[in-house]
1. Taking 0.36 nm per residue of sequence separation and subtracting the Cα-Cα distance, how much length would be gained by fully extending the chain between B:HIS292 and B:LYS512, in nm to one decimal?
2. Return the Rg/Rh ratio of chain B with Cα-based radii and a Kirkwood Rh.
3. Report the full-extension gain for the segment B:ASP106 to B:SER133: residue separation times 0.36 nm, less the Cα-Cα distance, to one decimal in nm.
4. Considering every residue in A:68-74, what mean count of other chain Cβ atoms within 10 Å of its Cβ is obtained?
5. Starting from the amide H of B:CYS53, placed 1.01 Å from N in the peptide plane, find each other amide H under 5 Å away whose residue is 5 or more places distant or on another chain.
6. What list of ³J(HN,Hα) couplings, whole Hz, do you get for the range A:54-64 from phi and the Karplus terms 6.51, -1.76, 1.60, once you set θ to phi - 60° and write x for glycine and proline?
7. Please give the direction-averaged projected area of the C-alpha convex hull for the range B:380-562, in square nanometres with one decimal.
8. Taking amide H positions as placed 1.01 Å from N in the peptide plane, with prolines and chain starts having none, which residues 5 or more places from B:ILE490, or on another chain, fall under 5 Å of its amide H?
Amino acid sequence: MNVTRRTFLIHSASIASATAMLTFAPFVLADGWNRQAFTDKVLNDAMKDAGYDNAVKSTDILLKTQDIAENGAVVPIEATSNIPGTTSLAIFIDNNPNPLIAEFSFMNGAEPFIVTRVKMAKTSLVRIAVKAGGKTYFTGKSVKVTSGGCGG
Amino acid sequence: MSMNRREFLQMLAAASAAGLALDSPAALSRNDARSFYDVPTFGNVSLLHMTDCHAQLLPVYFREPSINIGLNDSWNRPPHLVGEYLLKTFDIPAHTRDAYAFTCLDFSHAAKIYGKTGGFAHLATLVKQLRASRPGALLLDGGDTWQGSATSLWTQGQDMVDASKLLGVDVMTGHWEFTYGADRVQQIVNHDFKGTIDFVAQNISTNDFGDPVFPAYVIRQINGIPVAIIGQAFPYTPIANPRHFTPDWTFGIHEDHLQKIVDEVRGKGAQAVVLLSHNGMDVDLKLAARVHGIDAILGGHTHDGVPVPSIIQNSGGKTLVTNAGSNGKFLGVLDFDVRNGKVMDFRYKLLPIFANLIAPDPAMSALIDKVRAPYATKLGEILATTEETLYRRGNFNGSFDQLILDALMESKDAEVAFSPGFRWGTSLLPGEHITLEHLMDQTAITYPQTTLTEMTGARIKAIMEDVCDNLFNPDPYKQQGGDMVRVGGIHYTCDLRQTIGGRIQDMTLNGKPVDPNKTYKVAGWAPVAEGASGEPIWDVLAKYLRDKKVIRPRPLNQPKLLGVQGNHGICPSTSKTSL
């Protein structure tokens, strides 16, 4: 069978979303998500309620995103933690209405690497916070959101 | 007799003092021209660099800015030097050809003496002459080639594509090219350019899987030496221009990927590595300090005619950063001495192209005539006559922008108008007819719709703050390389010591403060959102000009600037701004 990468990935994506539904469903039923942290409106509250307060700055967390967002509705975020024993990684956006965007857990030594898209209405620091070995770390990068036009 | 350029300039000065008409055939004989462009050869690898010609096939007038402010790390550093400051920094004598080419000083007077600049037929002759003395030299085009004129718009860039091929462009990257849409770009790159021009861009990939859209680089042999040319397209194309033209592509700067590519071409044996960049000079200067292994960044986008390269230190050594102006005015000549597998030394010259010093190339002239023939009558329509110099380039309103704003406000019955701070657009001298072609030089884009929008004072301020930050953000990677949005109706102060939200102050309309809660009628054009349907800007302007017939000098609505005392990006002798 000769499946091109694009076709193969499209197939995998539909399988993945089916899998994801199965995985997330029990969480929703069990109300296992941190409702308080995800609905907090202020960064410090969200970081505290999600257990990332007192995070120290680390260069072992790599964050790739756009300097100026091409489309605030879908800003790509790619993050990796090179801190040994990373068990979770969370995305915070200071100026979003709810600063905690997502939290990912890594079990049994899974590689702490994520790629996703986030929505941003205005310029903000994007933070990646990490829990590892009972400690918390973060890195940040400013992403500019502009109304566009007038270039060049 | 062989004269070097300095001697030639001295001769010209003497001729001028003796009262000879400089444009007379005697003073401008071919032999003199040959001397002016007789750049001593050096080394064994030569690159010719053009950029941002904005589809100007014929020679034009182009006034360099009187305001080009640099802040923070760019304060009083190239390219943020204008007028006398630029002359002094680069040791260019005043009242010379070079002073005319590189600055706005005494523009309308000097333009009458030294004439028009650029033109593809003149450029073609110069390229041939330089190639004859520099075997194997490559011609690199930094982009913004297919947009900026009536004929390029009406032929979807075909006139420039054909002219570029005839000129012998070897490698190209892009920006405004993408405003013809992804399909048109692919069609040209895959068919017209196939086997002739390599279109390279390391920083464009597909939105879905991040696959590269174009080759990142090309390695060419020059005199047996492998030379890598890496492409860097304008990183903010989908932001500064409508995203819907390239909906499936993502751009950006991508330092990490660039470093990988540099390492890759070095690994493949490239002995000289050049980035053909459309980042803009401030972005290039930052990039040069953070990526290593690039010998030179040949840059464009910000339209800075910088006579001397900036030499930037980084972890791997040094990188040259150049910017080669716009509108076909200049051709950069970079000569490398490559020995023992690396660049040992260089020479760089940014040659102004004086149309009256160079004989036009017959083949290129014929092509240009052919391209223009179907449109000649339309292009030549005289709409009005100007009594003042009309120009656009500069951080704030130029006189042609002011004309556009006044026309928009009058025809749309608007209290306020916005016009984009584009850096292209040719200049006219006092007494010249304004033809439809001149008008199209200022407006020829694929999203020309005019708009009339009700906006609150707060919204107007937010837009002005947003664009101002694109120009003056302390981080060059957060700048987009255009100038400040041109504002009609509203007077304001711009405090450059502040950050976004605090720069635009004291906004008034007809002497009254702008009320953040009140709604105002705002006219504009060039909307980035899809689906706009307003009358094209050129129709609005043509009507206005035909009606006025004579364009008299009008006050420029430039802001009062704070925080710029001692800034060498403001020309004291020609800037009309109040400080």
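1. The B:HIS292-B:LYS512 span can extend by a further 73.8 nm.
2. With Rg and the Kirkwood Rh in hand, the quotient comes to 0.95.
3. Additional length available on full extension: 6.2 nm.
4. Mean partner shielding for this stretch: 5.
5. B:ASN327, B:GLY328
6. Going residue by residue, I get 6, 5, 9, 5, 9, 8, 8, 9, 9, 10, 10 Hz, with x marking Gly and Pro.
7. If you wrap the Cα atoms of the range B:380-562 in a convex hull and average its projections, you get 10.4 nm².
8. Close amide H contacts, sequence-distant or interchain: B:ALA417.
All of the numbers you see were taken from the coordinates with simple rules; none came from a lab. Just so it is clear, the model here is predicted, and its values are computed rather than measured. All Cβ positions, even for glycine, are placed from backbone atoms using ideal geometry, and neighbour counts span all protein chains on display.
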